[in-house]
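To start, the structure itself, in structure tokens.
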Amino acid sequence: MNNSIYLDHNATTPVLEDVLSAMLPYFTQHFGNASSKTHAYGWIAEQAVETAQIQVAQLINANKEEIIFTSGATESINMAIKGILNVYGGTKNHIITCATEHLAVLETLDVLAKKGFEITVLPVNRLGQIDLEQFKKAINEKTCLACIMHANNETGTLHPIKEIAKIAHEKNVLVFCDATQTAGKMIIDVKDDDIDLLCMASHKMYGPKGVGALYIKKGNPRVTLTPLIDGGGHQHGLRSGTLNVTGIVGFGKACDIATNSMWDDGIKISRLKTILEQRLTLLPNTFINGDIKNRLYNTTNICFKDKSAADLIKNLKNVAVANGSACASAKSTASHVLLAMGLTENEAQSSLRFSFGKSNTMEEVEQVVAMISTLY
Ligand code: PLP
């Protein structure tokens, strides 16, 4: 592998050995369909799915009945947003979001806009924060949903989701939180934060790709969604299709591991990130993008003002880093997140995201600092 220092954990993470071991028997020995009710193959698979549901629910303090398995965060986002479309059927047709959301949210909302929904996209300040007063004022009698992410994938800036939910609920607006980057890294408590809908992806937290979840609150207000995928009525009719039992088992195991290890990981990883940041910002004309105080601990986004990110990446031969998010980098335009925060096109094109994970070391930090310093 050319990229021997991996600092792109916000794009994806490796599958942990213990996760893989938990999954393997479900490819071969326990290959049953979780919906087969007439034999032990099916019962074993169903039991494994239920265990995973409990593990995923525990990670965010939900109940297992509130977890729907999907193919990943993008599907969960589509399900949450498009699911609302039909429920309110034209009577409540206003959604609030913010300019730095992931494209999975912004593009999905664009589809709703074409169907007559009104979408308010809140601006952010230089740190990537929304103004809560502006959020409150944006709510009107037609507002049905607020889509505000927990941590931004490019800068790590955290939104105060508990306060956002409080404001929204005072006006009977549901809250959908994209927690793709924070699930498994930070404590999330959907009950205490009072979140109605929340999405997660297994591959961002050392589980397999192709599996994720949508948390749908059962309670007051009761959240009802129209399914995106119809068929045999799996998962209470909300998401039909044979369940990806191996993926779900791996996701559950990854959640279980994260529940027990996120605290220790956080201490180690934030130290590495802080040192990288302190050393790199000693270089001339560099600054950190995002909110340094309220930030996901594994992420730093640094602007190297007089350098192009593409050149830096070329020179960092054995290092996997990103400019922008994994999906946006295919488009090679400046990051919409950084532009929304007020960076110039040049500054956005000169910024790199470093996202740390469990296996990173101080030696790797030193190597990266040394490599970048030689370019000055
Ligand atoms: N939301 C956020 C914040 C993300 O970072 C990502 C992926 O990077 C997604 C949604 C989409 O996740 P996936 O590609 O796993 O569906």
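Bear in mind these aren't lab numbers, they're just calculated from the coordinates by the rules spelled out. Bear in mind the structure is a predicted one, so any value in this text is a computation, not a measurement. We place every Cβ from the backbone using ideal geometry, glycine too, and count neighbours over all the protein chains shown.
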message: Springs between alpha-carbon pairs under 10 angstrom, Gaussian network model over the chain: which of ASP291, ASP264, ASP193 fluctuates most?
response: ASP264
query: From the residues ASN93, ILE195, SER21, which one has its Cα farthest along the dipole of the range 17-256 in the positive direction, the dipole being from +1 and -1 charges on Cβ of Lys/Arg and Asp/Glu about the Cα centre?
result: ASN93
query: Where a ≥ b ≥ c are the square roots of the eigenvalues of the C-alpha gyration tensor, would you call the range 129-270 rounded, which needs a/c under 1.5, or, failing that, prolate if a/b is larger than b/c, or oblate?
result: oblate
- line: When the charge dipole of the chain is computed with +1 at the Cβ of Lys and Arg and -1 at the Cβ of Asp and Glu, the Cα pointing farthest to the positive end, of ASN318, ASN285, MET341, is that of MET341
- request: Please report how far the C-alpha centroid of the range 70-97 lies from that of the range 209-225, rounded to the nearest whole angstrom.
  value: 11
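Counting Lys +1, Arg +1, Asp -1, Glu -1, what net charge surrounds PHE135 among other residues with beta carbon under 12 Å of its beta carbon?
0
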- prompt: In nm, what is the difference between 0.36 nm times the number of residues separating GLU17 and ILE119 and their Cα-Cα distance?
  reply: 32.4 nm
- prompt: In straight Cα distance, which aspartates and glutamates are under 12 Å from LYS166, not counting same-chain residues fewer than 8 positions off?
  reply: ASP192, ASP193, ASP194, ASP196
message: For q values of 0.12, 0.16 Å⁻¹, compute log₁₀ I(q)/I(0) with the Debye formula on a Cα-only model of the range 70-160, without solvent.
response: -0.36, -0.64
task: Run the dipole for the range 163-312 about the Cα centre, Lys and Arg Cβ at +1, Asp and Glu Cβ at -1, nothing else charged, and hand back the magnitude in debye, nearest 20.
output: 220
task: Divide by every residue of the chain the summed helix terms, -39500 (n - 2.57) for each DSSP H run of at least 4, and state the resulting mean residue ellipticity at 222 nm, rounded to the nearest 500 deg cm²/dmol.
output: -11500 deg cm²/dmol
query: Mean separation of Cα pairs under 8 Å and 6+ residues apart, divided by the residue count of the chain: what relative contact order is that in percent?
result: 24
message: How large are Rg and Dmax for the range 1-101 when calculated on the C-alpha trace, in angstrom?
response: 18.8, 54
Long pairs among LYS204/LYS273; LYS82/LYS253; LYS64/LYS142, criterion Cα-Cα beyond 23 Å: LYS82/LYS253; LYS64/LYS142
task: Report, in whole Å, the centroid distance computed from the Cα atoms of the range 128-173 and the range 1-43.
output: 35
Summed side-chain charge close to VAL15 - residues other than VAL15 whose Cβ falls under 13 Å, Lys, Arg +1, Asp, Glu -1: +2
- line: the range 222-304 -> Rg/Rh from Cα coords, Kirkwood Rh, value 1.23
- prompt: In the chain, what % of DSSP beta bridges are antiparallel (nearest 5)?
  reply: 50
field: Spin-label pair GLU170/HIS39, simplified geometry with 7 Å Cα→Cβ offset, distance in nm
entry: 5.9
statement: Output for the range 253-359: trypsin sites (Lys or Arg not before Pro) sitting in coil per DSSP, at most 12 other Cβ within 10 Å, listed by number, reads LYS293, LYS317, LYS331
field: Magnitude of the charge dipole, the chain, Cβ model with Lys/Arg +1 and Asp/Glu -1, debye to 20
entry: 300
Scattering curve values for the chain, log₁₀ I(q)/I(0), Debye with Cα scatterers, q = 0.09, 0.11, 0.12, 0.14 Å⁻¹: -0.52, -0.77, -0.91, -1.19
